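Quick notes on the structure that follows.
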Amino acid sequence: MNQAHQSRFLSEQAKRSRWYGLVTAVLAFMILPFFYYTDRTELGLEGTLLWRGIGAAAAVFFLISLVFKPSPRQINTFHGITLTAYLIMMLGISGLVFTSSMYGVTEYFAVTTGTLTILAINTLVAQGARPIVMWATGILTVVFIIGIFMGEIKSMGWAASILILAVFSIFVLRGQHRQEKEKATYLYTLEEKEARIARQREELEDVNANLVGFNFAITHDLKGALRRAQSFTQLVERRLPLREKEEVADLFGMIKQNHDKIQEIIEGLTLLNKIGKSDLERKIVDLDEMSDKVWKELGEDIVTERKVEFQKDLLGKVAGDEGLVWHVFHNLLSNAVKYSEKTELPKIEVGTYQDRGEQIVFVKDNGAGFPQQFANDLGRPFMRLHSAHEFEGTGIGLAIVKQIVELHGGRFWGEGQEGKGATFYFSFPKNAQGGNAYDS
């Protein structure tokens, strides 16, 4: 237990010690005169005034100590001293009775019961004073044993009962104190973790708020500035004389190309920002129709001019957001086309298979591929597996695919080998009703 925990533990124990100490002191102050009267009239015990006085003085001492507003450590100490005084009182009276020939079974029973009662009460109400009471009980027990054997003990059986319960009380106090500390340490640590998580949640909310502002700037302010730059570029191009326009045509082409690329990045970031901001519009999506639709949208020149071979299995249907599923196929198929453009006989394959009760769809190409050690980085925004000089791109496409698939509760991963193509996989889980999300 560290220092902060120790201080808190001590303070909490002191609050309980104060309450229990106050109750036991008031009760002791009220009933000890009655017990002394009983000693004299019913039991005929001699010499108990000193011992009863020790108990009463301890009660008064504790009550007076509260007036001075003691510290937590002092409260626990005073409480321990008071409980020890009560035990001294009963052990002293027991010693008088067990070493005197004037008393019999009635007196033995009375003092034994009284001592056992004090031991039990001390064990129950010790609280923060447990270490003090434990050590005091042990020392007083040893003194009591020595005193009994040095005197002429008349009944070892009654004395043995007190000794047995005293030893038992010591072990109980020790166990209680250890359990209290372990419980407190666990609770304090748990509270600190919860507080740390709460702080991290607040920090994350602040970061998200900043990201929202950043995304707004990207999708609105930057887009507006880009449109104005395009407009001014077009104005400059139109106002140039024909001869000069022909001389700088390549430069204007490069400007337009970069404008288009920035626009594509902005659109990708906008989509990436929107994913997950609203509820999924789930419905049954025919993956065969969707993949065919995306393939046609990519352009007929892919098949006729570049002679790309497109092979597709029956994919079935899935419960998902149709618009988002379109982006999954669009990004994967357009990537497959792009990264296989330098291949002599490009081939793109879309298929599906079952694995451990899960339907998995894949898009495979025989293009440039990527080193397998980068597989864990797939789906990170702006993570490019090839340089911009080799292949054009924004580095956002796979991040969009990954986020869409995971938003549906599925998985996304890829496999590749440099120069030998790549395969990307995605799956959707079972639907909320417990049936399979796929329907062939």
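Every read-out reported here was derived from the displayed coordinates using simple, explicitly stated rules and does not represent laboratory data. Treat the numbers as computed from the prediction; the structure is a model and nothing was measured. With ideal geometry, Cβ positions are generated from the backbone for all residues, glycine too; neighbour counts draw on all protein chains shown.
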What distance in nm lies between label points placed 7 Å from Cα along the C-beta direction at VAL67 and ARG239?
9.7 nm
Once phi is turned into ³J(HN,Hα) by the Karplus curve 6.51 cos²θ - 1.76 cosθ + 1.60 with θ = phi - 60°, what whole-Hz value does each residue of segment 352-366 show in order, with x for glycine and proline?
8, 7, 9, 8, 6, x, 10, 8, 10, 9, 9, 10, 10, 9, 10
Spin-label point model (7 Å from Cα, Cβ direction): what's the TYR353 to ILE146 distance in nm?
8.5 nm
Sorted largest first, the Cα spans of segment 1-58 on the principal axes come out in Å as 54, 17, 15
Give the whole-number value, in cubic angstrom per residue, of the convex hull volume spanned by the C-alpha atoms of segment 3-196.
107 Å³
Based on the Cβ-Cβ distance of TYR37 and ILE197, what FRET efficiency does E = 1/(1 + (r/R0)^6) give at R0 = 60 Å, to the nearest 0.05?
0.45
How do VAL26, VAL401 line up, fewest other C-beta atoms within 10 Å first?
VAL26, VAL401
Could you list which residues have their amide H under 5 Å from that of LYS312, counting only those 5 or more apart in sequence or on another chain, with H placed in the peptide plane?
VAL350
Can you tell which of LEU43, GLY21, PHE68 lies farthest toward the positive end of the dipole of segment 1-91, using +1 and -1 charges on the Cβ of basic and acidic side chains (Lys, Arg; Asp, Glu)?
PHE68
Note down the net charge around LEU22, summing +1 for each Lys or Arg and -1 for each Asp or Glu among other residues with Cβ under 15 Å from its Cβ.
+4
Relative contact order of segment 3-196 (C-alpha contacts under 8 Å, at least 6 apart) in percent is 24 percent
Members of LYS293/LYS364; LYS256/LYS402; LYS342/LYS402; LYS307/LYS402; LYS296/LYS364 lying beyond 24 Å, as alpha-carbon distances in this model show
LYS256/LYS402; LYS342/LYS402; LYS307/LYS402
Return the Cα extents of segment 80-164 along principal axes one, two and three, sorted largest first, each rounded to a whole Å.
40, 23, 19
J(HN,Hα) series, segment 405-412, from Karplus relation 6.51 cos²θ - 1.76 cosθ + 1.60, nearest Hz, glycine and proline x:
5, 5, 5, 7, x, x, 10, 9
For ILE197, ILE145, ILE132, order by how many other beta-carbon atoms lie within 10 Å, fewest first
ILE197, ILE145, ILE132
